[in-house]
Amino acid sequence: MSERNFQTDHIDRAIIKALQKNGRESYKNIAKELDVSDGTVRLRVEKMIKNDYLKISASVDPLYFENCIMAQIGINLEAPANKEVMEQISRFKGVQSVNNVTGRYDLVIEVFVDSRKELRQFLVEDLATISGVSGTESFVFLETINKWAEISD
């Protein structure tokens with residue numbers, strides 16, 4: 001991971017908190033709440049986005065629809081995890097995140113798919129194209145609290 005020089009302060013964090021409550025909140029309203037100008041809010045949001053610190057997006061409850069499946073998958077690799085393998089996995093449909101972790105797995109990923117068929121496709125066909133995968137273990141979410149996901153193409 002590259003070194004990052006971007007630093008935040010209490011105003012940046014307050015802006016983020018306001019956007020977490022409502023990602024569509026106007027900069028003018030946020031500025032009024034924080035007693036700063038709306039230009040300050042706009043510039044700070046733009047700077048945080050440019051520095052890959054902040055992403056504003058729409059998310060859905062992954063278990064809202066009956067047939068959708070959210071799962072965490074632990075992956076064991078023959079060699080240590082590297083960025084190339086992580087990026088290859090991240091491009092598969094439904095992948096929400098790819099995490100290089102400590103513990104019994106080399107990677108832990110989250111997927112959000114529309115059906116058991118799509119989960120099977122991911123586990124059996126997509127992951128088979130990644131060289132060095134020696135094993136997986138899947139954890140399908142049955143219920144969640146405060147879990148949100150992005151819809152795939």
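Principal-axis analysis of the Cα atoms of the chain puts helix 38-50 at an angle of about 20° to the longest axis. Positive-end ranking of 138, 103, 69 along the dipole of region 69-140, with charges on Cβ about the Cα centre, is headed by 69.
Helix-derived [θ] at 222 nm for the chain: sum -39500 (n - 2.57) over DSSP H runs of at least 4, divide by residue count, nearest 500? Kindly include the intermediate steps, with their values, before the conclusion.
Values: 5 runs with 46 residues, N = 153.
It comes out at -8500 deg cm²/dmol, rounded to the nearest 500.
Quick check: net charge around residue 107, other residues with Cβ under 15 Å of its Cβ, Lys/Arg +1 and Asp/Glu -1?
On the way: positive: 83, 91, 104; negative: 78, 84, 87, 106, 110, 126, 137.
Every neighbour counted, the sum reads -4.
The GluC sites (Glu not before Pro) of region 73-133 that meet both conditions, a loop assignment by DSSP and at most 10 other Cβ atoms within 10 Å of the site Cβ, are 78. Dividing the mean sequence gap of close Cα pairs (under 8 Å, 6+ apart) by how many residues region 10-50 holds gives a relative contact order of 35 percent. Under a model in which nothing but the beta-carbon of Lys, Arg (+1) and Asp, Glu (-1) is charged, the chain shows a dipole of about 480 debye around its Cα centre.
Using C-alpha pairs below 8 Å separated by at least 6 residues, the relative contact order for region 57-145 is 41 percent.
For Cα pairs less than 8 Å apart in space and 6+ apart in sequence, what is the mean separation divided by the residue count of the chain, i.e. the relative contact order in percent?
Working: 192 pairs, mean separation 38.3, N = 153.
Across the chain, relative contact order equals 25 percent.
Expressed as a fraction of 2.2 N^0.38 Å, the C-alpha radius of gyration for the chain is 1.27. Counted over all Cα-Cα pairs of region 1-40, pairs farther apart than 17 Å make up 34 percent. Taking the average, over residues, of other Cβ atoms within 10 Å as the packing measure, peptides 29-36, 130-137 rank 29-36, 130-137 from highest down.
Any read-out appearing in this document is the output of simple, stated calculations on the displayed coordinates, not a laboratory observation. All values reported here derive from a predicted model rather than from experimental measurement. Cβ atoms come from the backbone with ideal geometry, glycine included; neighbour counts cover every protein chain shown.
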